[in-house]
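For reference, the structure is listed below as structure tokens.
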Amino acid sequence: MAAVQNDWEDFPSYPSLLRGIYEFIKATYNGAFSNESETFNINSTWQYCNFNIHDLLFVILLSIIWTILRYLATEGIFKPLAHYYRLTPTNQAKMPESAWKFVCYLCAWCYTLYVVILSGNYKFFQKPSTVWDDWSLNKPPPTDLYLMYMAQCGFYVHSLYATLFLDTWRKDSLVMMIHHVLTVTLISISYSLRYHNIGSLVLFTHDLCDVFLEFTKLNVYFKIQRGKLIRSHEMLSNVTFVCFAVAWFVCRLYLYPLRVLYTATSDVLRLQLNLPGAVLMNSLLWLLQLLNIYWFMFILQFLFRVATGQLSEVDDTREFDVEEKLLHSTSKIHSNENGVVNGNAKTNGVCNDVISNGNVAHSSKRSKED
């Protein structure tokens, strides 16, 4: 039993994390203004750049391959599938994006899960401090980590283009662009500085949430088929949203700060590592955590609207058409309260359900055409 316990490092507390960040910043500040500190020359940064031209071309090639695969999957699989099940026109337009992202995130996370945990080659998750074992600027990453890094970097370069020209524009699309730029920068810098070990933990703690998010949205889109409500998809969307919210808190607000951010600050100080670009790396990791908190506000906003009766179903509150639907539903409720629209409670419930799933007249017309 003792041997098993030694395979895991204790989880620090949030106060310990904050104290470690403070001490890291303090040590960096004192070092920067010390008489013994090394003068930093911007030209010297090139000696740390291990991202060579072959890696760059490989990433560009992979980003093009991701774009081609998305086009083929969208036109050959996802759009015909949406048409076959006769989803609402709005959902037919949005479903291919979520289907593509669901497949990509699921494959990426499964591969990361295999590399980081199931393969048994690394102990990063159990012992995060081991990410710094045998670190060297001249030591290239193992093949499995290299392929993971290049594939992820290529995917997020593709995602920059996709957010601008292919994806549905949402209230947080600009923030999403910042996230993609930040991710590409983090992957590139951590690869160049041979911080791929800790980078694998960042990828592992983030991709699972996206899997649940896109699967939830898929069930929302498939909830109305041929003008009829499919209860199984409605139930799945509710269940997977709960899984998504729990996964977001556990992975991004618990594991990520207490496993990744802690080892990037406290363990670096404890091990007295002189890492190039450590301040830049940590700054980007902290910025990523701020984005995680920002998006968690959308989850809390959704839960608040459900609790206050503003929403009665799972939907993506970042999308503009969902916001319009919410405002329309709210105005309908106010009209009922003021006596503008009369009807018994059962009729009002049916009306609200139809409004929340699309325009009733359009749905009726589409059913006749089918």
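The values are calculated or read from the model by the stated rules, or taken from the named source; none is laboratory data. Since the structure is predicted, the reported quantities are computational estimates derived from the model, not experimental observations. In this analysis, Cβ positions are derived from the backbone assuming ideal geometry, glycine residues included, and neighbour counts consider all displayed protein chains. Note: accessible area is taken over every heavy atom of the protein model, side chains too, but ligands, DNA and RNA are not part of it. Shrake-Rupley method; radii C 1.70, N 1.55, O 1.52, S 1.80 Å.
In the stretch 299-311, the residues that are of a type in the set (Lys, Arg) form Cβ pairs under 7 Å with partners that are open to solvent by less than 70 Å² (accessible area, probe 1.4 Å) and at pLDDT below 85, at six or more places apart or across chains, as follows: ARG305/LEU311.
Given the structure, is SER190 open to solvent by less than 20 Å² (accessible area, probe 1.4 Å), among the hydroxyl-bearing types (Ser, Thr, Tyr) and closer than 24 Å to PRO128 by Cβ? Spell out the reasoning first.
Numbers: open to solvent by less than 20 Å² (accessible area, probe 1.4 Å): yes; among the hydroxyl-bearing types (Ser, Thr, Tyr): yes; closer than 24 Å to PRO128 by Cβ: yes.
Taking the combined requirement at face value, the residue satisfies it.
Could you look through the stretch 197-235, keep only residues that are part of a helix (DSSP H, G or I) and more than 20 Å from the chain's Cα centre (by Cα), and pick out the one that is farthest from LEU81 (Cα to Cα)? My answer is MET235. Of all residue pairs spaced 6 or more apart or on separate chains, none has beta-carbon atoms under 7 Å together with a first member in the stretch 233-258 that is surrounded by 19 or more Cβ atoms within 10 Å (Cβ to Cβ) and a second member that is among the acidic types (Asp, Glu) and assigned to a helix (DSSP H, G or I). May I ask you to verify whether ILE21 is at pLDDT 90 or above, more than 24 Å from TYR105 (Cβ to Cβ) and either part of a helix (DSSP H, G or I) or out of contact with any strand residue (DSSP E or B) (no Cβ under 8 Å at 6 or more places or on another chain) (or both)? For ILE21, the condition - at pLDDT 90 or above, more than 24 Å from TYR105 (Cβ to Cβ) and either part of a helix (DSSP H, G or I) or out of contact with any strand residue (DSSP E or B) (no Cβ under 8 Å at 6 or more places or on another chain) (or both) - is met. Here the stretch 160-187 is the region considered, the condition is being in contact (Cβ under 8 Å) with a residue 24 or more places away in the chain, more than 23 Å from VAL260 (Cβ to Cβ) and part of a helix (DSSP H, G or I), and the residue that is most open to solvent (accessible area, probe 1.4 Å) is TYR161.
Rundown of residues vs (1) open to solvent by 60 Å² or more (accessible area, probe 1.4 Å); (2) in contact (Cβ under 8 Å) with a residue 12 or more places away in the chain; (3) among the aromatic types (Phe, Trp, Tyr), yes/no style:
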{"residue": "LEU106", "(1), (2), (3)": "yes, yes, no"}
{"residue": "TRP109", "(1), (2), (3)": "no, yes, yes"}
{"residue": "LEU113", "(1), (2), (3)": "no, yes, no"}
{"residue": "GLN126", "(1), (2), (3)": "no, yes, no"}
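Residues that are on the phi < 0 side of the Ramachandran plot and more than 25 Å from the chain's Cα centre (by Cα) number at least 3 in the following helices (runs of 4 or more DSSP H) confined to the stretch 48-122: 53-73, 79-84. On the stretch given as the stretch 246-302, residues that are of a type in the set (A, V, I, L, M) and not in a helix (DSSP H, G or I) total 3. Checked against (1) surrounded by 16 or more Cβ atoms within 10 Å (Cβ to Cβ); (2) out of contact with any Ser or Thr (no Cβ under 7 Å at 6 or more places or on another chain); (3) not aliphatic (A, V, I, L, M), SER283 passes all but condition (1).
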